[in-house]
Amino acid sequence: MATDSALHVLTGPTAVGKTELALRWAEQFDAEILSADSLLFYQGMNIGTAKPTAEELARVPHHLIDIVPPGQPLNIAEYVGRAQRAVCDILSRGRRVLVTGGSGFYLRSFFGPVVDQVEVSSALRAQVEAELAQHGLPFLVKQLHDLNPAGLGRLDVANPRRVTRALERCRASGKPLAVLQAEFAALPGPFDSYRVMGVRLERPADELADRITQRTAAMIAAGLEDEVRSLLAHGLRDNPSAARSIGYRETLAVIDGVLPRERLRAEIVRNTKTLVRKQGTWFRRQLPLLQAVPAATARPETLFAAEEF
């Protein structure tokens, strides 16, 4: 297949070193970068997301960065539509596409389906949310078991968001989870017409931990708290996905007087390390065919070794 129908995906855990390598690869192979980071979408969220600097953004054209205000959530369906249009635009101009980021759900869209065809009404969603608030998570889990006598499979029943979404879909469709999952697996992926090549950068745990600590200190020194205070005036709290993200939720806790300022760095570091462990597990389970490449020795010319340039 010709290179103009290929999508190149560069991912890896937080702080592994994706940004600079992506820039070097894009410069060397005439590519443009498509972000698959769920927080880079938001305007003004710069320091806490380690968003590429103005100088880095000027080196290579970037897509899906700074596209919505911080108070406006961007769901996966909208992301997929925007990403499809960006891919078509980049390829139509004869340039390569490099997808980079570490947000698993958004990355998954390049390898298979991520949005099912079950329509959940706003009324049903509000009803389930009200049941969660009134009766608690165990009540919703029981409701799910009643609708799924054969079991809930690998559903994380300790995760309120996953439980509520599963219950909504079972009620809306009248089908058990096993049937919904089978139907979902049979759906085409939004990028099935392209050849997708994926690389996952990795580093030893102690090295990655040091990079997380250094990056966190740099963020705080660069004015993370001032950034968060500014974002509050632009609706940050109206977007739970943004407000609860690492770096922002801890800083909000400081601003709210819940967390002592002297503990801010330690909390961000601790939570980031937890996220990195979860990312590693997710990559292994959800995208096992990604080529693992040591970040310390990765070079643009050998990054996607299966393709000739």
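Listed values, structure above:
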{"quantity": "Answer label, with Cα extents along the principal axes in Å calculated from the coordinates and candidates (i) 56, 53, 35; (ii) 86, 57, 28; (iii) 48, 44, 39", "calculated": "(i)"}
{"quantity": "Distance (nanometres) between label positions extended 7 Å along Cα→Cβ at GLN134 and GLN84", "calculated": "3.9 nm"}
{"quantity": "Stretchable slack from SER230 to ALA54, in nm (0.36 nm times residue separation minus alpha-carbon distance)", "calculated": "61.4 nm"}
{"quantity": "Under 5 Å, built H, 5+ apart or other chain: amide partners of GLN72", "calculated": "none"}
{"quantity": "Aspartates and glutamates whose Cα lies under 17 Å from that of LYS18, excluding same-chain neighbours fewer than 8 positions away", "calculated": "GLU27, GLU32, ASP37, GLU55, GLU56, GLU202, GLU207, ASP210, GLU301"}
{"quantity": "MRE, 222 nm, helices only [DSSP H, n ≥ 4, -39500 (n - 2.57), over the chain, to nearest 500]", "calculated": "-14500 deg cm²/dmol"}
{"quantity": "Residue pairs, from the table LYS51/LYS278; LYS142/LYS278; LYS175/LYS273, whose Cα atoms sit over 30 Å apart", "calculated": "LYS175/LYS273"}
{"quantity": "Label zone at ALA172 (point 7 Å along Cα-to-Cβ), backbone N below 18 Å, the range 71-85", "calculated": "73-81"}
{"quantity": "Furthest towards positive pole of dipole, GLY257, THR302, ASN271, structure part the range 256-309, Cβ charges", "calculated": "GLY257"}
{"quantity": "Whole-number Å³ per residue for the convex hull built on Cα positions in the range 122-185", "calculated": "80 Å³"}
{"quantity": "Sites ARG284 and SER193 - FRET efficiency at Förster radius 22 Å, r taken between beta-carbons, to 0.05", "calculated": "0.25"}
{"quantity": "Inter-site label distance for ARG154 and GLU301 at 7 Å from Cα along Cβ, in nm", "calculated": "4.0 nm"}
{"quantity": "Computed over the range 1-71: relative contact order in percent, which uses C-alpha pairs under 8 Å that are six or more apart", "calculated": "32 percent"}
{"quantity": "Burial ordering of TYR106, TYR194, fewest other beta-carbon atoms within 10 Å first", "calculated": "TYR194, TYR106"}
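All of the numbers you see were taken from the coordinates with simple rules; none came from a lab. No experiment lies behind these values; they were computed from the predicted model shown. Neighbour counts are summed over all protein chains in view; Cβ atoms, including those assigned to glycine, are modelled from backbone coordinates with ideal geometry.
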